[in-house]
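This report concerns only the one structure given below.
The values are calculated or read from the model by the stated rules, or taken from the named source; none is laboratory data. It should be emphasised that the depicted structure is a prediction, and the values quoted were computed from it without experimental measurement. FYI the Cβ positions are ideal-geometry reconstructions off the backbone, even for glycines, and counts take in every protein chain you see. Areas reflect the complete protein model, heavy atoms only, side chains present, ligands, DNA and RNA absent. Shrake-Rupley method; radii C 1.70, N 1.55, O 1.52, S 1.80 Å.
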Amino acid sequence: MSMIQHLTAGNTRSVVKPVLLTLLSNFLNIVPLVLVLQAVNLLFKAQTERGGEMDVQGLWWVCGALLLYMIVVFWGERLSYRACFRGAYSVSAEGRARLAETLRKLPMGSLLRRDPGDLANMLMGDFTLIEHHISHSFPQLAGALVMPLLAFVGLAVLDWRMALAMFAALPIGLVILALTTRILRSLGHQHMAAKIHAGNRMQEYLLGIQVIKAYNLVGPRFTRLKDAFHDLMRESIRLEATLGPFVLLAIASIRAGLTVMILVGVHLLLGGTLDPLIFVTFLVIGSRIFDPLTAALVNYAELRYASLAGERILSLHDEPAMTGEAEPPESCEIQLRDVSFSYGNKQAIDNLSLVMKPGSLNALVGPSGGGKTTVLKLLARFYDPQAGNLYLGGQPLTGIDPERLMAKISMVFQDVYLFQDSIANNIAFGRRGATREDVIEAAKKACCHDFIIKLPEGYDTPVGEGGRTLSGGEKQRISIARAFIKNAPIVLLDEATSSLDPENERDIQKAIDTLVKGRTVVMVAHRLKTIQRADRIFVLDDGKLCEQGTHEELLKHKGLYAKLWDLQQQSQGWTLSKHLLAV
């Protein structure tokens, strides 16, 4: 039962109808055998009982029954085909959507522990594997196992000795296949790991192609992709070469039953204890009864391999989702109390406590690696702290429903991702049901309306995957427009103006100034001149709070903030010397 659970990714009901209709189709395929045996019986009687006179009317009845069979089998096969393939495609489509919803509800830590290639392979490759085997292998295997059992019962009524002889070797073949299960699990996991590793290396190669070209990382200097493909080749050969002989041995054992049945039948015929017509009946049925079972057993190893894919999917569904059921409070006061957080063995936040008042502009500054962006991610509940707690309006963040919490937060990060859609739809993602007028108004506030209307299709211009057809500043402004249209009372900004030219920086700073009015704002900033008017500046170093206050208070304190300010002021006057320019 666990194999069926894994094979269907938890949707066991999806195979009930395909299996039943496949069984019906197999039952219908017995009809021609019965009719052929009836025709043989008529011929036999004509020679032994009627002196060569043929029962023509009986033969016409057989022909009529065969014609009717063709119509009925067409109907049965049509139903079976629809149930198998439509059901499999439905399981695959619904399973992918359900898995995507599970991923959305998982904390970021659960996702980052997995390679991106692993998740992509799970969503596409694993479900494709399941889809194929639900539509093909499993119904055929179920039918192939049931039909010999029913045939054994029916044939035992005719002659139990011949029935036992025909199926004597069947248990041996099934035992051989059962013994391969543990080997298949081990080799299957290794093969999947190699496939995922190769996918990761291919993704790395494509995403880093610019660096590879720039630094000439070709041939022997970039062997990781080649090695990954060779590892996958070796694991594929090992899987096939190890399991193939077992499957072939099992099939040979099962089909040996036909040989045993013929030998026993000849012995009984010579002894005069077996009717020749019954012997012919066993020969006809025996030549056909093992064909579907043999075909199904050839795919048995692949079926077990597909169940490993389903097992991986179910293990992801079992990952604990983010908790919380309470409604978020009206107050937007933010508190961190003794919060600590680590990325693996790297401490990012160490016993951090601070308070941000409602409607205030709060800045997080400090050296790189000080924990500033981590604080934003904890506030957005991308992660939960390992120690301490965060509070919103005096209510623990971990007790608030994640969906309702996100409705109160708008985020503008430095690395903006736009979906492969139109500009209007990318802005409208900020609020469900947003109209075109809402989109245009948000774009105007974000200072991106002017460049949008100059594009070939205006707001309907596609941006390409990740927004690759737009510049960094344009993507940043669209991200701010998204935040405007969401109109959330809390805004998180992660260095939204870094790495931009002066003109883009001016426009984005103007948009941000409009966005933060009347909201509780937490922003990470490296350019200290952008946060001089902040109500509270928190200076973080090595995950600890070392200073806090206004811009003027921190300059008077002569601490880390004042040092960083002086360094930035000095850097504004830096110029390249003439001898460097000559180079």
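Filtering region 552-560 for residues that are more than 23 Å from residue 450 (Cα to Cα) and surrounded by 18 or more Cβ atoms within 10 Å (Cβ to Cβ) leaves a non-empty set.
Residue-by-condition table, conditions (1) touching a Phe, Trp or Tyr at 6+ places or on another chain (Cβ under 6 Å); (2) open to solvent by less than 60 Å² (accessible area, probe 1.4 Å); (3) polar (S, T, N, Q); (4) under 30 Å from residue 120 (Cα atoms):
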position	(1), (2), (3), (4)
257	yes, yes, no, no
271	no, yes, no, no
289	no, yes, no, no
296	no, yes, no, yes
301	no, yes, no, yes
306	no, yes, no, yes
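Mind checking whether some residue in region 77-85 is of a type in the set (A, V, I, L, M), surrounded by 19 or more Cβ atoms within 10 Å (Cβ to Cβ) and in contact with a helix residue (DSSP H, G or I) (Cβ under 9 Å, 6 or more places away or on another chain)? Within region 77-85, one or more residues are of a type in the set (A, V, I, L, M), surrounded by 19 or more Cβ atoms within 10 Å (Cβ to Cβ) and in contact with a helix residue (DSSP H, G or I) (Cβ under 9 Å, 6 or more places away or on another chain). Considering (1) at pLDDT 70 or above; (2) surrounded by fewer than 16 Cβ atoms within 10 Å (Cβ to Cβ); (3) in contact with a Leu (Cβ under 7 Å, 6 or more places away or on another chain), the lone condition that residue 89 does not fulfil carries the number (3). Name the residues in region 175-210 that are closer than 22 Å to residue 291 by Cα and surrounded by 16 or more Cβ atoms within 10 Å (Cβ to Cβ), would you? Within region 175-210, 176, 177, 180 meet the criteria.
Within region 336-362, the set of residues being in contact (Cβ under 8 Å) with a residue 40 or more places away in the chain, out of contact with any Ser or Thr (no Cβ under 7 Å at 6 or more places or on another chain), surrounded by fewer than 17 Cβ atoms within 10 Å (Cβ to Cβ) and closer than 30 Å to residue 514 by Cβ comprises just one member, 357.
When residue 248 is tested against (1) under 22 Å from residue 293 (Cα atoms); (2) modelled with pLDDT under 80; (3) surrounded by fewer than 17 Cβ atoms within 10 Å (Cβ to Cβ), just one condition goes unmet, and that condition is (2).
Would it be correct to say that residue 370 is open to solvent by less than 30 Å² (accessible area, probe 1.4 Å) and in contact with a strand residue (DSSP E or B) (Cβ under 8 Å, 6 or more places away or on another chain)? Considered against the rule, which asks whether it is open to solvent by less than 30 Å² (accessible area, probe 1.4 Å) and in contact with a strand residue (DSSP E or B) (Cβ under 8 Å, 6 or more places away or on another chain), residue 370 comes out as yes. When 471, 422 are checked against the criterion of being small (Gly, Ala, Ser) and open to solvent by less than 30 Å² (accessible area, probe 1.4 Å), a single residue qualifies: 422.
All of (1) at pLDDT 85 or above; (2) open to solvent by 50 Å² or more (accessible area, probe 1.4 Å); (3) farther than 30 Å from residue 542 by Cβ hold for residue 461 with one exception: (2). Residues in region 245-278 that are within 34 Å of the chain's Cα centre (by Cα) and without any contact (Cβ under 8 Å) to a residue 12 or more places away in the chain: 245, 248. Of the residues making up region 125-162, those that are more than 30 Å from residue 95 (Cα to Cα) and either in contact with a Pro (Cβ under 6 Å, 6 or more places away or on another chain) or free of Cβ contacts under 8 Å to residues at least 60 places away in the same chain (or both) are 149, 150, 152, 153, 154, 156, 157, 160. Candidates 152, 127: the one that is open to solvent by less than 50 Å² (accessible area, probe 1.4 Å), out of contact with any His (no Cβ under 9 Å at 6 or more places or on another chain) and not charged (D, E, K, R) is 127.
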